[in-house]
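To start, the structure itself, in structure tokens.
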Amino acid sequence: MENINLFCGISSLGMPFTKENKNHIGYYDIILSKLQNDGYNVSGFSMSKLNKNHTWDLEKALNENATLASIKNIQLQSIDSLRNANILFKLVVPEKFKNTIIINPSDHENTLKNIYINSSNPIFLYHGGPNDFFTFIQAGPVELTDRKVREKLPKDIKPLIEQCINNVEKNWRLLHQLNTNTKVYALSYYYSSLYDKIQKLIYFQEKMKNKNKKYVNKFLEVINLYNKMLQEASEKYDYVEYCDITFLKDYCAPMDFHPNTIGNQLIADMLLKKIELQIDKNNQPTNASQASRIK
């Protein structure tokens, strides 16, 4: 069967380890397992860095020959950092998470760049950009409940989203430059019920100051604009396919931005259909030549 290298970056949506997803099963894990069970020779490389998963981190990891062990170490450091800084992570991330991220001796030898360059059939599951935006505004969703933080926000956020998309496109071009066989599946962003709770809290805070204040869902505005621009960007590249996962709004873990078990399964199902179609498409010339020789 065909050899496949499955790369997952910048975030796998399998983290954090929510109470609802104790086994840390993300869509990446489901896809990898299904392809292996179907008989494909599949190797998987997840590059989720949690609070470090910015588009410029991927570029750095590829250009500086980061080892798989170094990436996993950043994962461990990142989740510790988030647990200490964000009350939500204290609620959803158990202390025993470290036992699930095992760094093998061979990982110290393998560099992400060399594995990617030498892959004959790299598939890249790409979910990046939104964390760039939160870095640009110097606040995360939870921090925006602080009025002082909101007062520092720029009035026009569109240029910031444009910069996020520019960073994403830069990653896509780098991936293609390093390996022209690559197929990139670019995942959209999605709205979770937790955003709704945060937005309503912000609205009530502002309503106290301005009785005529009308409810505007700024989170939804930002996400819709980002997704529109991401889809338009993906249409420029024949090796990039836009994947709409906005359906996750109904499948997020309680009090968390990440998908629940059903949500991860739905993402995996959608991507598996696309991957299997791509594999069939790649095999068509071979199958046709074999048929002509039989005749």
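We did not get these values from a lab; they are worked out from the coordinates using the rules stated. These numbers were taken from a predicted model, which means no experiment stands behind them. Positions of Cβ are backbone-derived with ideal geometry, glycine not excepted, and every protein chain shown enters the neighbour counts.
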Within the chain, what percent of beta bridges assigned by DSSP are antiparallel, to the nearest 5?
10
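Stretched out fully, how many nm does the piece from Lys197 to Asn114 gain, at 0.36 nm a residue minus the Cα gap?
On the way: separation 83, 0.36 × 83 = 29.88 nm, distance 4.39 nm.
Roughly 25.5 nm would be gained on extension.
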Select one label from [x] 143; [y] 166; [z] 133: the one whose number is volume of the Cα convex hull per residue in Å³ as derived from the coordinates shown.
[x]
Quick check on my link table: of Lys113/Lys236; Lys98/Lys170; Lys60/Lys170, which ones sit more than 21 Å apart, alpha carbon to alpha carbon?
Lys113/Lys236; Lys98/Lys170
Under 8 Å for C-alpha pairs, at least 6 residues apart: give me the relative contact order for the chain, rounded to a whole percent.
22
Which entries of Lys228/Lys281; Lys34/Lys281; Lys90/Lys207 have Cα-Cα distances beyond 23 Å here?
Lys228/Lys281; Lys90/Lys207
If I model a spin label as a point 7 Å beyond the Cα along the Cα-Cβ vector, how far apart are those points for Phe204 and Ser81 in nm?
3.3
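Ranking Ser106, Ser78, Ser119, Ser192 by Cβ neighbours within 10 Å, fewest first, what do you get? Please report the intermediate quantities before stating the final value.
On the way: Ser106 9, Ser78 17, Ser119 21, Ser192 24.
Lowest to highest Cβ neighbour count: Ser106, Ser78, Ser119, Ser192.
How would Thr55, Thr145, Thr100 line up from fewest to most surrounding beta-carbon atoms within 10 angstrom? Please report the intermediate quantities before stating the final value.
Numbers: Thr55 26, Thr145 15, Thr100 12.
Ascending number of Cβ neighbours within 10 Å: Thr100, Thr145, Thr55.
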By Cβ neighbour count within 10 Å, fewest first, Met47, Met255, Met208 rank Met208, Met255, Met47
Taking the 0 to 90 degree range and rounding to the nearest ten, how far is the long axis of helix 218-234 tilted relative to the main principal axis of the chain, both from C-alpha atoms?
30
Label Gln265 and Tyr215 with points 7 Å out from Cα along Cα→Cβ: what is the distance between them in nm?
3.2
Output the 0 to 90 degree angle, nearest 10, between the alpha-carbon long axis of helix 27-37 and the longest principal axis computed from the alpha carbons of the chain.
20
Helix 158-178: angle to the longest alpha-carbon principal axis of the chain, degrees 0 to 90, nearest 10?
20
